[in-house]
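The values are calculated or read from the model by the stated rules, or taken from the named source; none is laboratory data. Being a predicted model, the structure only gives us computed values, none of them experimental. Neighbour counts run over all protein chains shown; Cβ positions are idealised from the backbone, glycine included. What goes into the accessible areas is simple: the full protein's heavy atoms, side chains included, and nothing from ligands, DNA or RNA. Shrake-Rupley method; radii C 1.70, N 1.55, O 1.52, S 1.80 Å.
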Protein chains: 2
Amino acid sequence: MATRKKTTKKKATRKATPRKAPAKKAGKKKTVRKATAKKAVRKKAVRKKAAGKKTAKRRTSREQEVVVDQIRKAAKEVHGDILKRSKPDLAFPVRSLKNVSYSTRKGYFEIGRAKKVRTLTVNTVKSFAQTLRMMGLSKELVETNDFATKRDAYYQSKNWEEAKFDDQSESDTVMDDIEAMFSIRGTSREQLRFIPDEHGGAVAGRLIVLDPDRETGEVERIDCTRFGSGAYSIPSTVEHLSFETKAKFVLVIETGGVFQRLQSHKFWETANCILVSMAGVPTRACRRFIRKLSDECKLPVYAFVDCDPYGISNIYRTLKVGSGNAAHLSQFFCVPQARYLGVTPQDIIDYELPTHPLQDVDIKRAKDALKNDPFFKTHKPWQKAIEQLLKMNVRAEQQSLARWGLNYVIDEYLPKKLKNKKSFLP
Amino acid sequence: MATRKKTTKKKATRKATPRKAPAKKAGKKKTVRKATAKKAVRKKAVRKKAAGKKTAKRRTSREQEVVVDQIRKAAKEVHGDILKRSKPDLAFPVRSLKNVSYSTRKGYFEIGRAKKVRTLTVNTVKSFAQTLRMMGLSKELVETNDFATKRDAYYQSKNWEEAKFDDQSESDTVMDDIEAMFSIRGTSREQLRFIPDEHGGAVAGRLIVLDPDRETGEVERIDCTRFGSGAYSIPSTVEHLSFETKAKFVLVIETGGVFQRLQSHKFWETANCILVSMAGVPTRACRRFIRKLSDECKLPVYAFVDCDPYGISNIYRTLKVGSGNAAHLSQFFCVPQARYLGVTPQDIIDYELPTHPLQDVDIKRAKDALKNDPFFKTHKPWQKAIEQLLKMNVRAEQQSLARWGLNYVIDEYLPKKLKNKKSFLP
């Protein structure tokens with residue numbers, strides 16, 4: 001396979017840019033000439049660079065082949081139906097809470113067997129075509145080792161003539177359908193090269209991230225102990241990353257403030273761990289990063305969040321088992337090995353933490369969790385903890401530990417908690 | 001000055017933790033013994049580490065001295081008044097749009113001379129005391145080279161007996177007052193060691209960040225070309241950072257998706273620049289980082305955002321000149337050297353970009369900018385551009401360039417734009 005630049009250019013001419021891109025009418029010629037000159041300079045630079053590197057060949061990974069094969073297989077079935085003169089169809093799992101199950105063994109929300117079938121008819125011809133084009137885009141992205149966000153895909157479709165999307169919500173739905181369809185075959189959206197628009201999640205501590213260059217395959221070793229007061233920002237897609245670490249656990253933290261404190265005071269050094277800042281509900285990239293890290297390095301994951309129904313049922317629950325309306329993602333994105341270090345309702349009493357009263361929305365969320373959430377319904381200790389919180393009718397932020405001194409969290413709270421991991425909630 | 005751990009401990013006993021922190025009743029003795037053993041181990045580890053390092057002494061920087069002097073001076077004035085048996089007072093600049101001016105020479109929103117005075121009376125005794133304690137906390141933080149978020153400060157106050165805050169909004173107001181008071185003396189909130197709870201902003205490209213360790217002073221060199229597909233995450237406070245770079249400019253980007261594309265394809269390499277992802281309206285830390293980087297390395301800053309009133313008047317305007325209700329921050333946080341690369345209203349025509357119609361909120365925002373905003377009122381080219389946008393009645397996202405191919409933004413749009421910097425909006 002050629003290097004990226006060549007491949008992209010070829011593809012771009014052949015597929016992704018069927019229409020000519022515009023140039024200003026005035027001074028058009030000049031611009032073109034300039035652009036050509038520029039390209040020559042760039043090519044030279046690329047050549048020079050390539051000569052200076054050891055591993056200039058791009059590898060097509062086994063994973064890329066598997067994904068392309070899956071797309072091809074799905075397309076062939078459609079093609080086969082057409083050749084047999086029967087109506088082709090595509091089947092997608094139903095994406096809703098009703099089609100979700102939870103087992104402690106698997107440890108995450110799992111999508112059920114209910115399916116919706118899209119058969120090619122006069123009425124479905126447009127969305128059928130769009131689905132196939134979107135699969136085609138995915139195949140192209142895998143082959144060129146590139147990626148697209150939901151927005152990118154929407155705007156790309158503007159070249160699909162009759163099959164173009166009028167609104168991004170349409171293209172989002174088709175992408176979600178394709179994702180759900182392939183998730184049953186064990187392929188994630190990120191492997192299809194559709195990546196989220198937001199990245200997010202900062203990392204510091206005893207970890208080396210290995211990141212192969214997408215052009216050359218040369219591996220960058222990113223040492224997360226060497227960021228000073230800053231941190232490593234997780235990229236939008238993490239499938240290509242691997243890890244080296246001697247840390248004992250991963251500590252995932254809700255607020256940027258607490259992360260900054262632990263990072264600036266190098267808590268990861270004394271505790272021999274890896275710190276991850278989620279900054280609220282973790283993004284997909286952040287969750288996938290934690291999951292991959294934990295799976296591949298056999299590391300336990302401890303969550304340190306605010307003691308309120310939002311921290312417990314939105315942040316922690318989503319991290320651990322996934323969310324109801326995106327259960328087709330859970331197998332890739334949830335972190336079943338996560339456990340809840342704190343702040344627990346019991347901590348509020350034991351550490352005499354300053355509190356705020358529960359709001360109506362908190363109470364509603366907590367009661368919902370007890371009544372409707374398969375995760376909390378399965379785990380007795382959680383039911384007790386949430387009931388305790390409701391009875392106390394208060395919530396506490398993780399930063400409330402600062403009442404005992406700004407660094408009490410580092411010097412006392414976390415070391416004490418970590419000595420008694422059995423007390424962590426499931 | 002001693003190392004942090006010692007200093008913090010001493011301070012903690014003397015000031016920040018006047019009340020004893022709790023221990024579980026059952027097993028109290030055991031826990032304490034355990035904790036002591038743990039501390040011994042930690043101390044050993046610290047000693048070992050210190051011996052292995054070259055520069056184990058902590059420096060009290062000139063900046064720290066200046067800030068402590070300023071706090072002391074303000075406190076002495078109050079103390080002097082009391083000794084003279086007259087009523088002490090503290091004067092704070094009024095923080096509102098009405099007390100703001102804009103000059104193209106300075107390049108940012110500047111706070112005016114209107115002041116509110118808080119005189120010590122029976123009615124103001126509590127907030128007066130709180131203001132002084134908050135200044136005391138700041139002094140302590142500077143001396144111990146530590147920091148506190150708004151939340152940290154609120155919870156710390158729980159030890160201030162009669163002066164404790166009942167609600168975080170009260171402590172936030174006092175902190176904002178102190179910040180405004182010291183801003184007139186040229187000292188920023190970050191120098192007072194009050195840091196934002198959110199960090200944010202990701203960086204990649206031709207930049208080395210120098211970050212001295214807060215304990216040892218040893219400087220970490222963070223090479224932002226070495227993050228693979230990831231990035232450097234900007235810490236909550238950036239005052240202690242310095243930079244080395246041979247880049248020609250800083251490109252700040254609105255969306256994570258476009259940043260990821262430019263980063264993964266190493267646009268910074270071909271364009272010889274530094275990429276910063278703002279992910280929406282930039283955080284304080286992110287703005288301060290860009291400002292410091294631009295000031296110290298004499299680098300121009302180009303903004304690449306969506307072409308809509310939000311991208312123009314919220315994101316870009318805030319980045320460049322600050323925001324109206326926080327004008328006391330502008331001198332530290334705005335980036336007057338920033339210029340607007342795109343997407344411009346003219347780009348929508350020149351590049352035939354797919355658009356969305358303007359919403360009512362967009363139209364209101366644009367008209368507000370033309371009528372009330374001192375920045376847009378000063379710059380004719382901006383008035384023309386916004387009027388053009390209103391006339392076209394559409395908006396375009398930066399990712400809409402993907403209609404011409406996913407990497408059109410890298411291969412064509414940005415290089416073309418960068419060849420004609422004079423076309424950038426002010």
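Could you work out the per residue convex hull volume over the alpha carbons of segment A:306-386, in cubic angstrom?
Details: hull volume 7.4 nm³, N = 81.
Output value, Cα hull per residue: 92 Å³.
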On the accessible surface of segment B:284-368, probed at 1.4 Å, how many percent belong to carbon and sulfur atoms?
48 percent
If you rotate chain A onto chain B, whose Cβ in A ends up lying nearest the axis, and how many Å away is it?
A:233, 2
One decimal, nm, shortest first: give the distances between the label point of residue B:94 and those of the same position in the other copies, each label point 7 Å from Cα along Cα→Cβ.
6.3
Residue B:416: which aspartates and glutamates have alpha carbons under 19 Å from its alpha carbon, excluding same-chain residues fewer than 8 sequence positions away?
B:269, B:306, B:347, B:350, B:352, B:397
For segment A:82-184, which whole percent of the accessible surface, found with a 1.4 angstrom probe, sits on carbon and sulfur atoms?
49 percent
Which of the pairs A:76/A:164; B:115/B:158; A:248/A:417; B:73/B:106; B:98/B:377; A:76/A:139 have their Cα atoms more than 19 Å apart in this structure?
A:76/A:164; B:115/B:158; B:73/B:106
One decimal, nm, shortest first: give the distances between the label point of residue B:419 and those of the same position in the other copies, each label point 7 Å from Cα along Cα→Cβ.
6.9
Could you provide, to the nearest whole Å², the per residue accessible area of segment A:267-426 with probe 1.4 Å?
34 Å²
Just to confirm the numbers: residue A:220, label point 7 angstrom along the Cα-Cβ line, distances to the other copies in nm, shortest first?
1.7
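Ranked highest first by average number of other Cβ atoms within 10 Å, how do B:335-344, B:395-404, A:235-244 line up? All intermediate terms of the calculation are to be shown ahead of the outcome.
Values: B:335-344: 23.1, B:395-404: 25.8, A:235-244: 20.3.
Most protected by this proxy first, the peptides run B:395-404, B:335-344, A:235-244.
Highest mean first, how do A:255-267, B:108-120, B:149-161 rank when packing is the count of other Cβ atoms within 10 Å averaged over residues? Working shown, then result.
Details: A:255-267: 25.3, B:108-120: 15.8, B:149-161: 21.7.
By packing density, highest mean first, the sequence is A:255-267, B:149-161, B:108-120.
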Per DSSP, loop trypsin sites (Lys or Arg not before Pro) in segment B:267-317 with at most 11 further Cβ within 10 Å:
B:298
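Within 10 Å of each Cβ in B:153-166, how many Cβ atoms from other chains are there, averaged over the peptide? Numbers along the way, then the final one.
Numbers: counts 3, 6, 13, 6, 3, 7, 4, 0, 0, 0, 0, 2, 0, 0.
Shielding by partners across B:153-166 averages 3.
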With all protein chains present, segment A:221-280 has a carbon and sulfur share of its accessible area (1.4 Å probe) in percent of 47 percent
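For segment A:170-217, state which trypsin sites (Lys or Arg not before Pro) are in a DSSP loop and have at most 16 other beta carbons lying within 10 Å of their beta carbon. Let's see the in-between values first.
On the way: sites: A:185, A:189, A:193, A:206, A:214; in loops: A:185, A:189, A:193, A:206, A:214.
When the trypsin sites (Lys or Arg not before Pro) of segment A:170-217 are filtered for loop state and at most 16 Cβ neighbours within 10 Å, A:185 remain.
Using the C-alpha atoms of segment A:221-349, what convex hull volume per residue, in cubic angstrom, is computed?
Details: hull volume 14.2 nm³, N = 129.
Normalising the Cα hull of segment A:221-349 by residue number yields 110 Å³.
Please give the total accessible area that chains B and A bury against each other, computed with a 1.4 Å probe and expressed in Å² to the nearest 100. Spell out each step's value before the answer.
Values: alone 22530 and 22530 Å², together 37480 Å².
Result for this pair: about 7600 Å² buried.
Averaged over peptide A:203-216, how many Cβ atoms belonging to another chain are found within 10 Å of each residue's Cβ? Mind dumping the intermediate values first?
Values: counts 2, 2, 0, 0, 0, 0, 4, 1, 5, 2, 4, 5, 3, 0.
Counting other chains' Cβ atoms within 10 Å and averaging over A:203-216 gives 2.
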Kirkwood hydrodynamic radius of segment B:112-204 from all distinct Cα pairs, in Å?
14.1 Å
Among the residues of segment A:251-288, which ones have their accessible area go down by 20 Å² or more when all the protein chains sit together, as opposed to their chain alone (1.4 Å probe)?
A:256, A:257, A:260, A:261, A:264, A:265, A:266, A:269, A:270
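What number, in percent, do you get for the relative contact order of segment B:319-426 if the mean sequence gap of Cα pairs under 8 Å and at least 6 apart is divided by its residue count?
33 percent
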